[in-house]
Amino acid sequence: MDTRLTERLGIERPVVQAPIGSATCPRLAAAVSEAGGLGMLAVTWRAPDDAREAVRETTRRTDAPVGANVVLDPEASDVPASELVAACLDAGVDIVSLSFGDAAPFVDRIHDEGGVVLQTVGSAEEARAAADAGVDVVVAQGWEAGGHVQSDVATMPLVPRVADAVDVPVVAAGGISDGRGLAAAVTLGADGAWLGTRFLAAEEARVHRAYRRRVVEADETETVYGTPYPDGWPGVPHRVVENETTDRWRAAGRPEAGRPGEGETVARSPDGEPLSRYEDSLAVPGTDGDVTELPLYAGQSVGLTRDVAPAATIVETLVADAEAALSDAHSSVSGAE
């Protein structure tokens, strides 16, 4: 599948692995890039030196383009976004993805280093502002997405609005987990798809086995949108798979403070640090305790994420199934004439 996105990013397949927080790692990102998609690292919650090493380890694993995402909201991290962008560029990253903020101050610096700039948007207005600032690709993230969410608009109405608003390639994000979703994104005017939840179920993803199992078993109705896990990045809505923590929070009326069980230790990090019930900490391998009470970030596409597979298989299957879906759709329309 050749699109404006594959041409602009220098990749073979219009599939982008979303920067799914601590679940991203060099092994996952490199595997996606090696399969012809774009593998992404999340570096916002890393120190600059750690970000450099993550990029370098990824590029040692593949010669294909790789990307890194930096959240621009200063409330998200103690490390300034400018330092993280500089660290990624110093390490030789090909593509920088920016979200939750204005990309304009960073565009020239990234372009001067030969990089490509992606910006996540939640409306046509935001997309136009990004394109006017010189961003190379916009990512239209719909409300169905997992993790922290920028938009109040669903993917289906958002993507064509954004595609009509800008002349740069558009990537559709939110609620996409299989080839039919990729095909739908293309027919809506997008040039590719951005998938997070599906890659949580990749063998290479850095997630606890209990987290991965819950994602694979959950239905599309079993996610919660709001602010159930405010500690770490307050006030930003997110989507997670239901668990006892979200059940308690909703039963109490979704309080912003005085949450049931607040401060209660439910698990311990791999280095033994206590993790509290509403803490914004991902369940990574080595986490011990009731790990499924931690935030199980995932989108409504959990209902379509039904198996664990190597990242390369996921990419290849997505594209093959998308091509088949587009062909079937064309045949159905032609047959009806």
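Normalise the Cα radius of gyration of the chain by 2.2 N^0.38 Å (N = residues in it) and let me know the number. Could you put the intermediate results ahead of the total?
Details: Rg = 19.0 Å, N = 337, 2.2 N^0.38 = 20.1 Å.
This ratio for the chain stands at 0.95.
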| note | Charge tally for neighbours of Pro48 with beta carbon under 11 Å away, counting Lys, Arg as +1 and Asp, Glu as -1, is -3
| field | Selection from Gly146, Ala165, Gly134, by position along the positive dipole direction of the range 95-174 (Cβ) | value | Gly146
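Once you have the Cα-Cα distance between Glu203 and Thr317, take 0.36 nm times their residue separation minus that, and quote the gain in nm to one decimal. Before the final figure, lay out the partial values.
Values: separation 114, 0.36 × 114 = 41.04 nm, distance 1.49 nm.
Between Glu203 and Thr317, full extension yields an extra 39.6 nm.
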| task | Would you list the membrane-span-like helices of the chain, meaning whole DSSP H runs whose alpha-carbon atoms span at least 27 Å along their axis and whose mean Kyte-Doolittle value is at least -1.0? | result | 311-336
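Going by how many other beta carbons lie within 10 Å of each one, how would you line up Phe199, Phe106, Phe100, fewest first?
Arranged by neighbour count, lowest to highest, Phe199, Phe106, Phe100 become Phe100, Phe106, Phe199.
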| task | Taking only Cα atoms and a 10 Å spring cutoff, compute GNM fluctuations for the chain and point out the largest among Asp271, Asp307, Asp178. | result | Asp271
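Neighbour counts of other C-beta atoms within 10 Å: give me Arg214, Arg306 arranged from fewest to most. Intermediate results must be reported in sequence, preceding the final value.
Values: Arg214 22, Arg306 12.
In order of increasing Cβ crowding within 10 Å: Arg306, Arg214.
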| query | Among Val162, Val224, Val315, which one moves the most in a GNM of the chain with springs linking Cα atoms closer than 10 Å? | reply | Val224
| query | Taking the Cα atoms of the range 209-302 alone, what are Rg (to one decimal) and Dmax (as a whole number) in Å? | reply | 12.5, 34
| request: Based on other C-beta atoms within 10 Å, arrange Val79, Val168, Val216 from fewest to most. | output: Val216, Val79, Val168
| Given the options Ala31, Ala140, Ala91, which has the most mean-square fluctuation in a GNM of the chain, springs set between C-alpha atoms less than 10 angstrom apart? | Ala91
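Once the Cβ-Cβ distance between Ala210 and Ala257 is put in as r, and R0 is 22 Å, what FRET efficiency do you end up with, to the nearest 0.05? Intermediate values should be presented prior to the final figure.
On the way: r = 29 Å, r/R0 = 1.31.
The computed FRET efficiency comes out at 0.15.
Determine the sum of side-chain charges near Pro310: Lys and Arg each +1, Asp and Glu each -1, restricted to other residues whose C-beta is under 10 angstrom from that of Pro310. Don't skip to the answer; put the middle values down first.
Details: positive: none; negative: Glu203, Glu204, Glu316.
Counting the neighbours of Pro310, the net charge comes to -3.
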| field | Extension reserve of the Arg306-Asp112 stretch, reckoned as 0.36 nm per residue once the Cα distance is removed | value | 65.6 nm
| Fully extended contour minus Cα-Cα distance, from Glu273 to Glu53, at 0.36 nm per residue | 76.8 nm
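We did not get these values from a lab; they are worked out from the coordinates using the rules stated. Remember, predicted model here, so these are calculated numbers, not experimental data. Cβ atoms come from the backbone with ideal geometry, glycine included; neighbour counts cover every protein chain shown.
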